[in-house]
Amino acid sequence: MAEHPPYPVGLRLTGRRVVVLGGGQVAQRRLPALIAAGADIVLVSPEATPSVEAMADAGEITWERRPYEEGDLADAWYALIATSDPEANSRASAEAEANRVWCVRSDDADAATAWTPATGHSEGVTVAVLTTEARGRDPRHTAAIRDAVVEGLRDGTLVAPHHRTRTPGVALVGGGPGDPDLITVRGRRLLAEADVVIADRLGPRDLLAELPPHVHVIDAAKIPYGRFMAQEAINNALIEHAKQGKSVVRLKGGDPYVFGRGMEEVQALAEAGIPCTVVPGISSSISVPGAAGIPVTHRGVAHEFTVVSGHVAPDDERSLVDWPSLARLTGTLVILMGVDKIGKIAEALVAHGKAPDTPVALVQEGTTAAQRRVDATLATVAETVREKDVKPPAVIVIGEVVTVGPRPVE
């Protein structure tokens, strides 16, 4: 048997009896996949890890709390032998052989009739990697190959084009706060498969350089439009390219639905009959403070945090923010798009009861190589922004959490 490689095959175990002998760490690792496959699983073991016991309690497996007995593998389609008793493992393996039950042995691959591959999943594809020889097998090497393939499929560095006709449409992808490594794996994969990418200025620009030459990249800031037609022009561009049968990605900074006008684009696409997928992104309201060493919540300091748009000042009639209520909150206040309005924002908060010495941190170009943090208080923040020349984009954090971590080095 050692002279021939194993024959790879995918077992369809839905509703079929699978017997697992032993409730230890091996079973704990293998059971979730068997459960996901819909197998009718019987666990035979006097004991089990807490995780395996929880699976039994949830009704995902049937647990017979006893050692292996002759006949346990009757009517089984597949068996996993993983007890700590070598003699019991040998007897169970012999029973599997006699009954033509494919059998995996955790203690002796040479004596098994089946081997478990290192598996991973990516968007409807299962990657399974097998070592071709039982002797001298290196599970870590096999797992490393699996991980490399799956990661490549997920992040788009290993591109496997779809050869069947793709359904044209638009994906609204949240690109995260700026660092290209902080986009989601799904977002990166969709970006790698796109025909057209319409990108925001605040999206992860470095990812655009990785796109194949045939991809049409459109800078949303440069789409021709009148002063008040920006969003309408972007909507029209999305619809136009999607109707041409292309796969379009709208790459946005942060999360599409956190001050990203994502719903406006979704509504426009829906009215035009264009299918749309929304891929959430990491919001700068949480990630940028974290990158600067500021937790938006901390035990004993802040039990809540509030995210506010600062693009209009508190005294602007267009403002929808209840500034008096915000001033009374004891938690963390995170302000986006508020650098040029921070003076009036600070004045409003103090006027409604916030202490003037409340700590403030401004994190400019968060998560990028140009990131910098500037600290102040509500009383000094307006002058500090002018003196330090703080520019957008910057996330502003107000509250005691600013002082929790190590002080920034000037």
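Count, please, the residues in the range 16-44 that happen to be of a type in the set (Val, Ile, Thr) and either surrounded by fewer than 16 Cβ atoms within 10 Å (Cβ to Cβ) or in a helix (DSSP H, G or I) (or both). Give the derivation first.
Of the range 16-44, the ones of a type in the set (Val, Ile, Thr) are 18-20, 26, 35, 41-42, 44.
Next, only the ones that are either surrounded by fewer than 16 Cβ atoms within 10 Å (Cβ to Cβ) or in a helix (DSSP H, G or I) (or both) stay: 26, 35.
Summing the residues that are of a type in the set (Val, Ile, Thr) and either surrounded by fewer than 16 Cβ atoms within 10 Å (Cβ to Cβ) or in a helix (DSSP H, G or I) (or both) in the range 16-44 gives 2.
When you look at Ala346, is it crowded, with 20+ Cβ neighbours inside 10 Å and in contact (Cβ under 8 Å) with a residue 40 or more places away in the chain, yes or no?
no
Within the group Glu87, Glu47, which residue is in a helix (DSSP H, G or I) and of a type in the set (D, E, K, R)?
On the way: Glu47 fails: in a helix (DSSP H, G or I).
Result of the check over Glu87, Glu47: Glu87.
Which members of the range 64-104 meet the condition of being farther than 12 Å from Val18 by Cα, touching a residue at least 24 places away in the same chain (Cβ under 8 Å) and within 42 Å of the chain's Cα centre (by Cα)?
Tyr68, Ala82, Thr83, Ser84, Asn89, Ala92
For Trp77, work out the one condition from (1) over 23 Å from Arg91 (Cβ atoms); (2) surrounded by 12 or more Cβ atoms within 10 Å (Cβ to Cβ) it doesn't fulfil.
(1)
Can you name the residue in the range 355-384 that is aliphatic (A, V, I, L, M) and farther than 17 Å from Ala292 by Cα and, of all such residues, is surrounded by the fewest Cβ atoms within 10 Å (Cβ to Cβ)? Write out each step before concluding.
Narrowing the range 355-384 to residues aliphatic (A, V, I, L, M): 355, 360-363, 369-370, 374, 376, 378-379, 381-382.
Narrowing the set further to residues that are farther than 17 Å from Ala292 by Cα leaves 355, 378-379, 381-382.
Working: Ala355: 12, Leu378: 22, Ala379: 16, Val381: 24, Ala382: 17.
It comes out as Ala355.
Please work out which residue is modelled with the lowest pLDDT, limiting yourself to the range 106-142 and to residues that are more than 28 Å from Ala88 (Cα to Cα) and touching an Asp or Glu at 6+ places or on another chain (Cβ under 9 Å).
In this case the residue turns out to be Ser122.
Just for the range 257-266: of the residues that are part of a loop (DSSP other than H, G, I, E, B) and on the phi < 0 side of the Ramachandran plot, which one is farthest from the chain's Cα centre (by Cα)? Outline the logic, then answer.
So in the range 257-266, the residues part of a loop (DSSP other than H, G, I, E, B) come out as 257-261.
Next cut, on the phi < 0 side of the Ramachandran plot only: 257-258, 260.
Working: Tyr257: 16, Val258: 17, Gly260: 19 Å.
Out of the qualifying residues, it is Gly260.
Which residues, taken from the range 267-326, are without any contact (Cβ under 8 Å) to a residue 12 or more places away in the chain, in a loop (DSSP other than H, G, I, E, B) and not small (Gly, Ala, Ser)?
Arg299, Asp316, Glu317, Arg318, Leu320, Asp322
Right, Ala237: surrounded by fewer than 20 Cβ atoms within 10 Å (Cβ to Cβ), more than 27 Å from Glu365 (Cα to Cα), at pLDDT 95 or above and small (Gly, Ala, Ser) or not? Let's see the steps before the verdict.
On the way: surrounded by fewer than 20 Cβ atoms within 10 Å (Cβ to Cβ): yes; more than 27 Å from Glu365 (Cα to Cα): yes; at pLDDT 95 or above: no; small (Gly, Ala, Ser): yes.
In short, no.
Across the range 257-286, which residue is surrounded by the most Cβ atoms within 10 Å (Cβ to Cβ) among those that are closer than 26 Å to Thr306 by Cα and hydroxyl-bearing (Ser, Thr, Tyr)? Please lay out each step first, then the result.
Step one: list which residues in the range 257-286 are closer than 26 Å to Thr306 by Cα, which gives 257-266, 278-286.
After this cut, where a residue has to be hydroxyl-bearing (Ser, Thr, Tyr) as well, the list is 257, 283-285.
Values: Tyr257: 17, Ser283: 22, Ser284: 28, Ser285: 22.
Looking at the filtered set, the residue picked out is Ser284.
Which of the residues that make up the range 174-205 are out of contact with any helix residue (DSSP H, G or I) (no Cβ under 9 Å at 6 or more places or on another chain) and either hydrophobic (A, V, I, L, M, F, W, C) or at positive phi (or both)?
Within the range 174-205, Leu190, Ala194 meet the criteria.
Restricted to the range 174-194, and to residues that are in a loop (DSSP other than H, G, I, E, B) and in contact with a Leu (Cβ under 8 Å, 6 or more places away or on another chain), which residue is surrounded by the most Cβ atoms within 10 Å (Cβ to Cβ)?
Gly175
Give Leu333, Leu349, Leu362 a once-over and let me know the one that is closer than 30 Å to Gly176 by Cβ, among the hydrophobic types (A, V, I, L, M, F, W, C) and in a helix (DSSP H, G or I). Before you say what the answer is, go through the steps one by one.
Numbers: Leu333 fails: in a helix (DSSP H, G or I); Leu362 fails: in a helix (DSSP H, G or I).
The unique qualifying residue is Leu349.
The values are calculated or read from the model by the stated rules, or taken from the named source; none is laboratory data. All figures in this text were calculated on a predicted structure; none of them were measured in a lab. So basically every Cβ, Gly included, is an ideal-geometry build from the backbone, and we count neighbours across all protein chains shown.
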